[in-house]
Amino acid sequence: MGKFGRNEGKALRFDLTDLRLFLTVVEQGSLTRGAEIMNLALASVSERISGMEASLGAQLLERNRRGVTTTAAGDALMRHARLILGQVEQMRGELRGYGAGLKGRIRLLSNTAGLASFLPHQLGRFLLAYPDLSIDLHERPSTEIALAIAEGRADLGVVADTADLAALQTRFIAQDQLVVVASKTHRISDQRSIAFAEVVGEPFIGSSDAALEAHLGERAARLGRQIYYRIQLRRIENIAMMVESGVGIAILSEAPAKDLRHPGLAIVPLRDTWALRQLYLCARDFSALTPHAGLLAQQLMEPKVAIP
């Protein structure tokens, strides 16, 4: 039966410290570094991991001279540990909110397009309607949001359909037009609209929206082309400065592009059908949301609008 043998009928004896310790060791790739971060003796860490393996009847870590790596059982435990600890943190946050006079706190992630235009009005209405609720709102690229929702690190997300949403439940909430942002002196500045094929050969200034960049890369590949990025920047304002100076063009969501208000910029809509992206509200399971997150989801799913 090997080192771990059968474990039928034996209760698992893990506590939250065991799970945190295991995740820390895996993330650090080392028992020693995990022990340092958790402020535990190395012998105690080794004993706890061995106890978890004995309780499970399966090896969790492969030990070698470079450190440790997870086995298949270790990968499974890592996924469950993240979910459990995430739920515990959510519980603590909600209970702290009660102690501070807050009846609930919702964790919401949004991409740039949703945050720039669609969400502020909706969130304002929601917070006025529910004065005892609060929202933790963070801006992230759609791909990061999809992963965070899948891992239980946020309640709800607003993403573009360019992200991989296969593991999530989604609801359509808005549309997002893609535009080319160019210098006023650029050859396309007086166009009312333009096809992607007419600008794909231009030097580009890239944005932090990883899902959008992947989407554009795929569209360029279909044309037998490859986008040439001179530089990629996170802040829209920095992208605008580069574009205005003539370094290259950028393709952005219409809402944040229109908010730039740079006199030296021209904004030209892409007329390709795929340039009208769909924005979705996503969750791991809408039916399993906390009551207050469910209320927010319900409001965000009411409108079906195009972002101006």
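Only the coordinates and a few stated rules stand behind these numbers; no lab work does. The structure presented is a predicted model; accordingly, all values stated were derived computationally and were not measured. For neighbour counting, all protein chains shown are included, and Cβ atoms are generated from backbone atoms with ideal geometry for every residue, glycine included.
In plain terms, the chain from ARG79 to ASP259 could stretch by 60.8 nm, reckoned as 0.36 nm per residue minus the Cα-Cα distance. In the chain, a dipole from Cβ-located charges (positive for Lys and Arg, negative for Asp and Glu) runs towards its positive end, and of LEU265, LEU119, LEU156 it is LEU156 whose Cα lies farthest in that direction. By the count of neighbouring beta-carbon atoms within 10 Å, fewest first, VAL68, VAL25 end up ordered VAL68, VAL25.
Using only Cα atoms, find the angle between the long axis of helix 210-222 and the longest principal axis of the chain, and express it within 0 to 90 degrees, rounded to the nearest 10. Helix 210-222 sits roughly 60 degrees off the main axis of the chain.
For the chain, a simple Cβ point-charge model (Lys and Arg +1, Asp and Glu -1, everything else neutral) yields a dipole of about 280 debye relative to the Cα centre. Sequence-distant contacts, meaning Cα pairs under 8 Å at least 6 residues apart, place the relative contact order of the range 175-277 at 51 percent.
DSSP finds beta bridges in the range 105-216, and of those with both partners inside it, around 0 percent are antiparallel.
Per-residue Cβ neighbour counts within 10 Å put LYS258, LYS184 in the sequence LYS184, LYS258, beginning with the fewest. Cα axis of helix 119-129 to longest principal axis of the chain: angle in degrees, 0 to 90, nearest 10? Taking the Cα atoms of the chain, the angle to 119-129 is about 60 degrees. The slack in the chain from ARG225 to ASP132, taken as 0.36 nm per residue of separation less the alpha-carbon distance, amounts to 28.2 nm. From least to most packed, judged by other beta carbons within 10 angstrom and beginning with the fewest, ASP272, ASP18, ASP190 follow the order ASP190, ASP272, ASP18.
Taking 0.36 nm per residue of separation and subtracting the current Cα-Cα distance, fully stretching the chain between ASP272 and ASN39 would add 78.2 nm. For the chain, averaging the sequence separation of C-alpha pairs within contact (under 8 Å, six or more residues apart) and dividing by the residue count gives a relative contact order of 20 percent.
Taking a ≥ b ≥ c as the square roots of the Cα gyration tensor eigenvalues, the chain comes out prolate, since a/c reaches at least 1.5 and a/b is larger than b/c. Can you work out the FRET efficiency for the pair VAL88 and PHE172, with r the C-beta to C-beta distance and R0 = 41 Å, to the nearest 0.05? Taking R0 as 41 Å, the efficiency between VAL88 and PHE172 is 0.80.
The angle between the Cα long axis of helix 16-28 and the longest principal axis of the Cα atoms of the chain comes to about 60 degrees, rounded to the nearest 10.
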